[in-house]
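**Q** Shown below is the structure under consideration.
The values are calculated or read from the model by the stated rules, or taken from the named source; none is laboratory data. Bear in mind the structure is a predicted one, so any value in this text is a computation, not a measurement. All Cβ positions, glycine included, derive from the backbone under ideal geometry; neighbour counts span all protein chains shown. Areas reflect the complete protein model, heavy atoms only, side chains present, ligands, DNA and RNA absent. Shrake-Rupley method; radii C 1.70, N 1.55, O 1.52, S 1.80 Å.
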Amino acid sequence: MRVISKRSGALLMIAMLTMPASGSLSAQQPDQLPDQSRADITVNGLPPAELSGMPEGPDIEGYISARGDEKIQVTSADGTRTVILISEGTEIRASKGLFGLNRSKLAADSLLNGLPVNVKTVQWRSGLVANQIKLRSSDLKTATMIRTGTAQGFNEQSAATEALRSRVSDIDQYNVKGTTNVHFDTGKAKLSARGKSDLCATADAADAMNNALILVVGYTDSTGDYEYNQQLSEKRASRVVNHLQQACGWKPYRMLTPTGMSEADPLGSNDTASGKAQNRRVEVNILVSKGLDGL
């Protein structure tokens, strides 16, 4: 790992693009929420599969901040948390064509933590049931990339997500404490033994810092066209994220959304073999918000 300073501005811009606007992060306390927005709402029985003819409920837009077997919690831009039940009749649709997702109808297991959604609801008993859930394929790709490899309970997921968002709610800058470059062979996304070791060492170093987050950014050299390199940079970033979480034990709620940057920001010249080797990399950046650094 090496301490960096020259490229901090670019990394901070990427970090800010991967975080929501601060206005979406001021969550209300549970006792300030209406009954249907409580995360611990109890509903007896399962919602019906046939939802037509039921009274319309509000449209809910936000991100999935927790989920259980038959329910999701959606946090809106103003911080309001709404628990919404999932029925067999709930229709889940994604935009087509991006990242190889060529189907529009999805299963309920596609509803991952952190996924932005727009939910049309109907009223049932004392709660709300999702009639239709809309999301973007690109958002699903990102959420899949960062999802945890271990099973977490509904309350644990909610607490983890809220803890992260409350820590960074009013912070717009980070200090870059260090970065590790993991390199790849041409056209490949396979991690080397050294790369795997370096990643766990970086996770250990970040874990020793208070309030540290990790930002993963994938890159390629100039070999191949832009579309191919964009997908390859995302695949490399995904492999690094998976290893950090599954092998190194890094918690997904302490990681900013990974980014693929294709051929951008080369470290070396793409006119030489040694320069291309430097550019075929994933950067793992340790960030601490300036407002929390030193606490």
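**Q** Please enumerate the residues belonging to segment 246-267 that are over 14 Å from L191 (Cα atoms), touching a Lys or Arg at 6+ places or on another chain (Cβ under 8 Å) and open to solvent by 20 Å² or more (accessible area, probe 1.4 Å).
**A** P252, D265, L267
**Q** A further question follows. Conditions first: (1) surrounded by fewer than 20 Cβ atoms within 10 Å (Cβ to Cβ); (2) modelled with pLDDT of 95 or more; (3) under 26 Å from A66 (Cβ atoms). N242 passes all but one, so which condition is the exception?
**A** (2)
**Q** May I pose another question? For segment 121-134, how many residues are in contact (Cβ under 8 Å) with a residue 60 or more places away in the chain and buried (at least 17 other Cβ atoms within 10 Å of the Cβ)?
**A** Total satisfying the criteria: 7.
**Q** Restricting attention to segment 211-230, does a residue exist that is closer than 20 Å to A277 by Cβ, part of a helix (DSSP H, G or I), open to solvent by less than 30 Å² (accessible area, probe 1.4 Å) and in contact (Cβ under 8 Å) with a residue 12 or more places away in the chain?
**A** Yes, segment 211-230 contains a residue that is closer than 20 Å to A277 by Cβ, part of a helix (DSSP H, G or I), open to solvent by less than 30 Å² (accessible area, probe 1.4 Å) and in contact (Cβ under 8 Å) with a residue 12 or more places away in the chain.
**Q** Pick from segment 182-197 the residues that are of a type outside the set (S, T, N, Q) and in a helix (DSSP H, G or I): which of them is surrounded by the fewest Cβ atoms within 10 Å (Cβ to Cβ)?
**A** A193
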